[in-house]
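The values are calculated or read from the model by the stated rules, or taken from the named source; none is laboratory data. Keep in mind that this is a model prediction, so the values were computed, not measured. Because the Cβ atoms are built from the backbone with ideal geometry, glycine has one as well, and the counts that use them run over all protein chains shown.
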Amino acid sequence: MTGAGAQSDQGIVFRGASLVIHGKTILSDLTLTLIEPRIGIIGQNGSGKTSLLRLMAGLAAPTSGSVMVDGIDPARDRKGMLSRLGILFQNPDRQILFPTVAEELAFGLRQQGHKDAEARARAALAAEGRADWADRPTSTLSQGQRQWLCLQAVLLMEPRTILLDEPFAALDLPTATRLTRRLASLPQRLITISHAPAAVATCDRLLWLDQGRIRADGPPAAVLPAFTAEMARLGEADADPHLPR
């Protein structure tokens, strides 16, 4: 793995992790060890996929049990996570904070303590053939360009694992194809959260999350047929089991 290569790769470990928000159980008693290079997490909207990502990233702490990333509690040691775990959200506007491209790219590097963050950011743009983007306002970028910027900012920090939250949902087909090709070439562990079977069909391991619990865990060839059959059944029944009645 790149970036954190000198660090121990213990993966992401859940031990009896549960998440309760406002009295509602979102995730229940999850015990998992995630170490494979390509992992997919599928489920209906409301199944707890994004909440699971938030636990991995340390954006939320489990109500009970524990979550550890390379032996570190991500909710307690945010600085320790900078070189271990990055996130690419579905909506890049949730991530972009700064008015220009170079400032956005330099932000994470500054958090890591790099004194030459701006120079590194500009060099990275030049290496991608986009040196003229450095002072470009982020507000002028297209959806696909903003998604590219967010991914580039994550890659500059060289994390061991990247979490992808519905990365293709808002992209047109050509842009999604380019992003797919770029992600496939990365050495990092990728954990892709999606409700679309095609987005996770080539993963090494697939988790099916259903109402906050793991319903199936295995290779896509074993998990996807059952998942797609159940989604078809629910569609025919006009059922939304995750919604309150």
Kindly provide the set of residues from the stretch 29-53 that are among the polar types (S, T, N, Q) and modelled with pLDDT of 95 or more, ordered by number. Thr31, Thr33
Could you give every pair whose Cβ atoms fall below 7 Å, whose first residue belongs to the stretch 20-41 and is free of Cβ contacts under 8 Å to residues at least 24 places away in the same chain, and whose second residue is of a type in the set (Val, Ile, Thr), counting only separations of at least 6 or pairs across chains? Thr33/Val13
Scan Ala106, Ala127 and give me the residue that is surrounded by fewer than 20 Cβ atoms within 10 Å (Cβ to Cβ) and hydrophobic (A, V, I, L, M, F, W, C). Ala127
Answer with yes or no whether Thr50 is touching a residue at least 24 places away in the same chain (Cβ under 8 Å) and either part of a helix (DSSP H, G or I) or more than 17 Å from Asp165 (Cβ to Cβ) (or both). yes
Note on the stretch 170-194: residues assigned to a loop (DSSP other than H, G, I, E, B) and closer than 24 Å to Gly11 by Cβ are Ser185, Leu186, Pro187, Gln188
Can you tell me which condition Arg84 does not meet? The list is (1) crowded, with 18+ Cβ neighbours inside 10 Å; (2) basic (Lys, Arg); (3) at pLDDT 95 or above, and all the others hold. (3)
Scanning the stretch 112-129 residue by residue, the ones that are without any contact (Cβ under 8 Å) to a residue 24 or more places away in the chain, over 24 Å from Lys79 (Cβ atoms) and assigned to a loop (DSSP other than H, G, I, E, B) total 1
